[in-house]
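Asks: Okay, here's the structure, questions in a sec.
The numbers here are math on the coordinates, done by the rules we state, and not lab data. Note that the structure is predicted; figures quoted are calculated from it, not measured. Here the Cβ positions follow ideal geometry from the backbone for every residue, glycine too, while neighbour counts run over all protein chains shown.
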Amino acid sequence: MPVDQSVIGRKLPPSTMTVDAGRLRFFARTIGETNPVFTDLDAAKAAGFTNLPVPPTFLFGIEFDNPDSFGWLAEMGVDLRRILHGEQSFVYHATAVAGDELTSTPIIGNVYSKKGGALEFIEKTSTITRADGALIAELKSVIVVRNPEVGQ
């Protein structure tokens, strides 16, 4: 079933998270980050941070804290068994640190298809702001929807 183009510009529910130092340490170890600035408070402060800085790709996890983080796709009629992660990109404006309250505000930026509709692409952009309103980052993710009923 094709993704309805009318979803372009649709605002999705925002997600808010208070960044936890333990979670940052766990994330840094999980991705193989070896720079102690991401796991050791003294190293972070020596580098000029007020607390442990948020590792670069961590910000995508804010929206995954929602109980139904892919519910917006299901509401659009997308079969979640047919989705793939296409790409992600980041534009950073400031560094977030442990203790910051961050809000991700997502919007569907574009929907397009390739291979005669066999593959559809949903671009979602998210703006990350700190509780004081400071812009932290702009994120873009692309989800690929496979449509097996469309001949290739």
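Asks: What FRET efficiency comes out for E138 versus D79 if R0 is 25 angstrom and r is the Cβ-Cβ distance? Round to the nearest 0.05. Present the calculation step by step, with values, prior to reporting the outcome.
Replies: Values: r = 29 Å, r/R0 = 1.15.
Computed FRET efficiency for E138 and D79 comes out at 0.30.
Asks: While we're on this one: Could you tell me how far the Cα centroid of segment 79-114 sits from the Cα centroid of segment 126-146, in Å?
Replies: Computed from Cα coordinates, the inter-centre distance equals 5 Å.
Asks: In nanometres, what is the gap between the two model label sites at T34 and V150, each 7 Å from Cα along Cα-to-Cβ?
Replies: Going by the 7 Å Cα→Cβ label model, 4.4 nm.
Asks: Compute and list, largest first, the equivalent-ellipsoid semi-axes of segment 107-152 from the alpha carbon gyration tensor, each √(5λ) rounded to a whole angstrom. Can you show the working numbers first?
Replies: Numbers: eigenvalues 215, 10, 7 Å².
Calculated on Cα positions only, the semi-axes equal 33, 7, 6 Å.
Asks: Please express the Cα-Cα pair-distance distribution P(r) of the chain as a list of whole percents, one per 5 Å bin, running from 0 to the bin with the greatest distance.
Replies: Result, from short to long distances: 2, 9, 17, 19, 17, 12, 10, 7, 5, 2, 1, 0 percent.
Asks: Give, as ranges by residue number, the residues of segment 106-124 whose backbone N falls under 19 Å from the point 7 Å along Cα→Cβ of F90.
Replies: 106-107, 124
Asks: If you don't mind, there's one more thing I want to ask. Lysine pairs, Cα distance under 25 Å, 8 or more residues apart or cross-chain: how many in segment 1-124?
Replies: Value for segment 1-124: 4.
Asks: I need the Kirkwood Rh of segment 32-113: take the reciprocal of the average 1/r across all distinct C-alpha pairs and report it in angstrom.
Replies: Across segment 32-113, the inverse of the average 1/r is 15.6 Å.
Asks: Hey, what's the Kirkwood Rh for segment 63-152 if you take every pair of different alpha carbons, in angstrom?
Replies: Details: mean 1/r = 0.0685 Å⁻¹.
About 14.6 Å, per the Kirkwood formula over Cα pairs.
Asks: With springs only between Cα atoms under 10 Å apart, run a GNM on the chain and tell me which of V54, V91, V37 wobbles the most.
Replies: Maximum among the listed residues: V91.
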